[in-house]
Amino acid sequence: MDNDAQITLGDTVRPADSHPTKKVLCIEDERFIGELYIRALSKAGYDVTLEVDGARGLTLAQSDAYDIILLDLMLPNVTGIEILRTLRDPNKTPHLKAKIIITTNLEQREDVRQDIERQADGYIVKAEMTPRELVDFLNNID
């Protein structure tokens, strides 16, 4: 089979040598950044949902319908740190399978950043990563 061959799985068409479609929840209140992520990740074969509100993002994340959660820290109604703590609390979110990747431009004190990194599966400074680099980063998550 040549590299340009296509495999059809349900309604999803993707290159034969690509990974199975992963569902990504992007909780990001900056619509421009969210749209950049949607465009890059969709082009790479990811199924992306964007939510701009922290409270609604938490509800979606707790549905356990996603493989990866891109979580901004500065969100309206519920902060990313509150969402992260809720998702990592087995009493509030008992069966979360998603990898949680923090996305922020906010400078953190070193102790705060270390605490966040211990709870998350990745930590990205948005200003230091292009959408293409984000795709490469997510492609390497197990």
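Residues are listed down the side, and each one gets a yes or a no for (1) over 22 Å from LEU96 (Cα atoms); (2) surrounded by fewer than 12 Cβ atoms within 10 Å (Cβ to Cβ); (3) modelled with pLDDT under 95; (4) not small (Gly, Ala, Ser):
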residue: ILE7; (1), (2), (3), (4): yes, no, yes, yes
residue: GLY10; (1), (2), (3), (4): yes, yes, yes, no
residue: ALA16; (1), (2), (3), (4): yes, yes, yes, no
residue: HIS19; (1), (2), (3), (4): no, no, yes, yes
residue: GLU28; (1), (2), (3), (4): no, no, no, yes
residue: ARG39; (1), (2), (3), (4): yes, no, no, yes
residue: VAL52; (1), (2), (3), (4): no, no, no, yes
residue: ALA55; (1), (2), (3), (4): no, no, no, no
residue: LEU60; (1), (2), (3), (4): no, no, no, yes
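Return the residues of the stretch 100-142 that are small (Gly, Ala, Ser) and surrounded by 13 or more Cβ atoms within 10 Å (Cβ to Cβ); say none if nothing qualifies.
Within the stretch 100-142, ALA120, GLY122 meet the criteria.
Please work out if LYS97 is exposed (fewer than 13 other Cβ atoms within 10 Å of the Cβ), of a type outside the set (Asp, Glu) and within 15 Å of the chain's Cα centre (by Cα). Please lay out each step first, then the result.
On the way: exposed (fewer than 13 other Cβ atoms within 10 Å of the Cβ): yes; of a type outside the set (Asp, Glu): yes; within 15 Å of the chain's Cα centre (by Cα): yes.
Yes.
Filter the stretch 63-116 down to the residues that are in a loop (DSSP other than H, G, I, E, B) and aliphatic (A, V, I, L, M) and list them by number.
ALA65, LEU73, MET74, LEU75, VAL78, LEU96, ALA98, LEU106
If LEU60 passes every condition in (1) within 20 Å of TYR123 (Cα to Cα); (2) among the aliphatic types (A, V, I, L, M); (3) touching a strand residue (DSSP E or B) at 6+ places or on another chain (Cβ under 6 Å) but one, which one does it miss?
Of (1) within 20 Å of TYR123 (Cα to Cα); (2) among the aliphatic types (A, V, I, L, M); (3) touching a strand residue (DSSP E or B) at 6+ places or on another chain (Cβ under 6 Å), only one is false for LEU60: (1).
The values are calculated or read from the model by the stated rules, or taken from the named source; none is laboratory data. None of the values given here were measured: they were computed from a predicted structure. FYI the Cβ positions are ideal-geometry reconstructions off the backbone, even for glycines, and counts take in every protein chain you see.
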